[in-house]
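Down below is the structure, laid out as structure tokens.
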Amino acid sequence: MTMKVLGYAAQSAQTPLAPFQFARRDPRPDDVVIEVLYCGVCHSDLHQARNDWGISQYPLIPGHEVIGRVTAVGDNVTKFKPGDYAGVGCIVDSCRECQPCRRGLEQYCEEGPVQTYNDTDRHDHMPTYGGYSQSIVSSEDFVLKVPAGMDLKGAAPLLCAGITTWSPLRHWQVGKGSKVAVVGLGGLGHMALKLAAALGAEVTLFTRSPDKEADARRLGAHHIVLSTDDEQLASVTGQFDLIIDTVPYEHDINPYMPTLTLDGTLVFVGLLGNINPMLNTVSMIMGRRSVAGSAIGGIAETQEMLDFCAEHGIAADVEMIKMQEINQAYERMLKSDVKYRFVIDMVSLQA
């Protein structure tokens, strides 16, 4: 007995998202059924709805920043019970056997993790559909516990924007005494500032916009450097242990490389594609500097991030929208007209 569920789907790359009724799978013994309360809106939702990456399968229901209430659990579930608040992020399964999976880094699963939407379930081979819907079903091993007292609306974007910036901060062991810079102030960038500051780092924002200074300081930046100003760039030569680059489109990273310390790293979390213009290796070789990439985080790491955010009172800055406003929200996202993450109030889906 499959559940009939209402969601919002793209039927093609050219059509706007619209109401769509579909079937959720019958819960398996290890499954958790969640009534979706809030769903964050990520840039990748828009990219996949419009097939910008050439991998979209339609109908496509986006949404991988999902916060909701557990309504049912399978017979083998031990971590959740009905009534619990729970979250689902970017992935809902993996092979669980390969080396990355055994290390708790399911996002790097060698067989490929199962994405929350626009993917295929490993067991029944049905398409996966995301959180722009009334409910979602996932194995308990890929469901997150929402800590008590957490702002549910502000918690939704933590499941992508939060973990995407937390994972490199942890991997490169950022803490007191670290100097971290963030490139770009959007959904990812604003979380990077908050998390790096809460970990005790000295935090700098690289930005092209002088008018972002006040907001950046409110979010945790101690310093602001205009990346278009050669003098300001020169003043921070050799300073940063880690630069988190959140910009999702092609841009020149050569000016940032000399600002890294000896053995410093610039890590991409926003750009999928080619570095353009090409990277000049002189500053890498002369300072043993690295350019790296990082993708979301594993389930244990995501839970750690949620617990840290609860402890430090951290949530995303969100603008609430109704489900019916999603297409306008996408247009606004393309203009960077959001501070800093849209979150859908899924009650509006009943309207």
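If you average the sequence gap of Cα pairs under 8 Å that are 6 or more apart and divide by the length of the chain, what percent do you get for the contact order?
The normalised contact order for the chain reaches 17 percent.
Can you sort H64, H123 by solvent-accessible area, 1.4 Å probe, largest first?
These residues rank, largest area first, as H123, H64.
Sorted by mean Cβ packing within 10 Å, highest first, what order do the peptides 190-197, 170-177 take?
So the peptides 190-197, 170-177, ranked by packing, come out 190-197, 170-177.
In nm, to one decimal, how far is the modelled label at T120 from the one at Q57, with both set 7 Å along Cα→Cβ?
Result: 0.5 nm between the two label points.
Once neighbouring chains are kept in place and the probe is 1.4 Å, which whole percent of the accessible area of the chain is contributed by carbon and sulfur?
51 percent
If you take the beta carbon distance between R103 and D26 as r and set R0 to 22 Å, what does 1/(1 + (r/R0)^6) give as a FRET efficiency, to the nearest 0.05?
For R103 and D26, the calculated efficiency is 0.10.
Counting other C-beta atoms within 10 Å, and keeping those with at most 13, which DSSP coil GluC sites (Glu not before Pro) do you find in the range 52-106?
E97
Of K145/K212; K81/K153; K179/K212; K153/K339; K179/K335; K145/K194, which pairs sit farther than 23 Å apart, going by alpha carbon to alpha carbon?
Among K145/K212; K81/K153; K179/K212; K153/K339; K179/K335; K145/K194, the Cα-Cα distance tops 23 Å for K145/K212; K179/K335.
If you take the square roots of the eigenvalues of the alpha-carbon gyration tensor of the range 162-293 and sort them as a ≥ b ≥ c, do you get rounded (a/c under 1.5), prolate (a/b over b/c) or oblate?
rounded
Going 7 Å from the Cα of E213 along its beta-carbon direction, which residues of the range 230-264 have the amide nitrogen within less than 18 Å of the resulting point?
Of the residues in the range 230-264, 230-236 have backbone N under 18 Å from the label point off E213.
Given the DSSP H assignment, sum -39500 (n - 2.57) over each helix run of at least 4 residues in the chain and divide by its residue total; what's the result at 222 nm in deg cm²/dmol, nearest 500?
-6000 deg cm²/dmol
If R0 is 30 Å, what FRET efficiency do you get for H171 and E319 from their C-beta distance, rounded to 0.05?
0.50
Give, in nm to one decimal, the length gained when the segment between H222 and E250 is fully stretched (0.36 nm per residue of separation minus the Cα-Cα distance).
7.4 nm
Residue by residue, what Karplus-based ³J(HN,Hα) values in Hz, rounded to whole numbers, does the range 129-137 have, using 6.51, -1.76 and 1.60 with θ = phi - 60° and x for Gly and Pro?
Values per residue, Gly and Pro as x: 10, x, x, 6, 7, 5, 8, 9, 10 Hz.
Assuming R0 = 30 Å, what is the FRET efficiency of D337 and A13, from their Cβ-Cβ distance, to the nearest 0.05?
Here the calculated transfer efficiency is 0.85.
Return the sequence-ordered ³J(HN,Hα) values of the range 86-94 in whole Hz as given by the Karplus equation 6.51 cos²θ - 1.76 cosθ + 1.60 applied to θ = phi - 60°, using x for Gly and Pro.
Ordered by residue, 3J(HN,Hα) equals 8, x, 10, x, 7, 10, 10, 5, 7 Hz.
Just the number please: accessible area per residue for the range 162-293, 1.4 Å probe, all protein chains included, in Å².
44 Å²
Binning every alpha carbon pair distance of the range 102-154 at 10 Å from zero, what are the percents per bin?
It works out to 18, 45, 30, 7, in whole percents.
Where does the chain land on Rg(C-alpha)/(2.2 N^0.38 Å)?
After normalising by residue count via 2.2 N^0.38 Å, the value is 0.98.
Hey, how many Å between the Cα centroid of the range 333-351 and the Cα centroid of the range 26-88?
Cα centroid to Cα centroid, the span is 17 Å.
The values are calculated or read from the model by the stated rules, or taken from the named source; none is laboratory data. Please read all numbers here as calculations on a predicted model, not as lab measurements. For neighbour counting, all protein chains shown are included, and Cβ atoms are generated from backbone atoms with ideal geometry for every residue, glycine included. Areas reflect the complete protein model, heavy atoms only, side chains present, ligands, DNA and RNA absent. Shrake-Rupley method; radii C 1.70, N 1.55, O 1.52, S 1.80 Å.
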